[in-house]
Structure formats: C-alpha cells, structure tokens
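Enquirer: Structure below; questions to follow.
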Amino acid sequence: QVQLVESGGGLVQAGESLRLSCAASGITVSIMPMGWYRQAPGKQRERVASIGSGGATNYADSVKGRFTISRDNAKNTVYLQMNSLKPEDTAVYYCNRYWPRPYNSWGQGTQVNVSS
C-alpha cells in the first residue's frame, strides 16, 4: 500500500524559504518518477517540480530558479526546497508519482502560506 506523508509547510513572509518533505512507504522513490504538486484555493492542482528515476529534474516556469526538488534514497524521502517565496506560492503542497500518472491515493498535503 502506497503512503505519502508531506510535512514542512508553514506561514512565512515573502522572500523567505521553506523545505518540504515527503516520506514514502510502499514504493521506492529512487526508482520512481516523483513530483511535487500544489493546489491553491479555487484552482486546479498543478505539478510544480519533478524528478525522474535517473535524477533529471523539471520545473514549472512559475517556480523555476526558486524551487529545487531532490530525494534521499536512504530515507526514501523526496524534498522540495522553496526559496524566494511569493504570495502566489500559497497552496497545499502534495507529492505523488508523476508518470505514468499519479496514484489515486493522495497524502494529506502540507499547507504553505506566504504573506506579503
């Protein structure tokens, strides 16, 4: 059974940083294409970062240069380092597989609030 547990969110001011963590069980993140997604109020969930099984990363234009996705294979955990946060980054953040498609079961997410 796949379980994804996100943590690390919080309330920060614009320009500050946060690091999100996604602890996985039931899968091995080192060989799984993983992504970070976010959903803001009234908006659809969007993928903001991904890391392939080979380590290649990809980012949405809105976060490129500010966010960095990484993983710790020993801890079976995926991270999202978020720098220079903006109010428009406010959302609930989730992790999940991104290819071929996300798992149907999503974690509870972690709330990120960025004040101006």
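The values are calculated or read from the model by the stated rules, or taken from the named source; none is laboratory data. Computed from a predicted structure; not experimentally measured. For neighbour counting, all protein chains shown are included, and Cβ atoms are generated from backbone atoms with ideal geometry for every residue, glycine included. Quick note on the areas: whole protein, heavy atoms, side chains included, nothing else; ligands and nucleic acids left out. Shrake-Rupley method; radii C 1.70, N 1.55, O 1.52, S 1.80 Å.
Enquirer: Taking the condition open to solvent by 60 Å² or more (accessible area, probe 1.4 Å) and under 12 Å from the mean Cα position of the chain (by Cα), does ARG19 pass?
Expert: yes
Enquirer: What's the number of the condition LEU85 fails, among (1) surrounded by fewer than 20 Cβ atoms within 10 Å (Cβ to Cβ); (2) more than 12 Å from the chain's Cα centre (by Cα)?
Expert: (1)
Enquirer: Looking only at region 1-40, how many residues end up being under 15 Å from ALA91 (Cα atoms) and without any contact (Cβ under 8 Å) to a residue 24 or more places away in the chain?
Expert: Counting residues in region 1-40 that are under 15 Å from ALA91 (Cα atoms) and without any contact (Cβ under 8 Å) to a residue 24 or more places away in the chain gives 0.
Enquirer: Name the one entry in ILE69, ILE31 that is open to solvent by less than 20 Å² (accessible area, probe 1.4 Å) and β-branched (Val, Ile, Thr). Walk me through it before giving the result.
Expert: Working: ILE31 fails: open to solvent by less than 20 Å² (accessible area, probe 1.4 Å).
From the options ILE69, ILE31, the qualifying one is ILE69.
Enquirer: Right, another one. If you check THR77 against the conditions, is it under 20 Å from VAL12 (Cβ atoms), open to solvent by less than 40 Å² (accessible area, probe 1.4 Å) and among the polar types (S, T, N, Q)? Break it down stepwise before answering.
Expert: Numbers: under 20 Å from VAL12 (Cβ atoms): no; open to solvent by less than 40 Å² (accessible area, probe 1.4 Å): yes; among the polar types (S, T, N, Q): yes.
For THR77, the condition - under 20 Å from VAL12 (Cβ atoms), open to solvent by less than 40 Å² (accessible area, probe 1.4 Å) and among the polar types (S, T, N, Q) - is not met.
Enquirer: Can you work out which of the residues in region 38-66 that are open to solvent by 20 Å² or more (accessible area, probe 1.4 Å), under 17 Å from VAL114 (Cβ atoms) and not charged (D, E, K, R) is farthest from the chain's Cα centre (by Cα)?
Expert: The qualifying residue farthest from the chain's Cα centre (by Cα) is GLY42.
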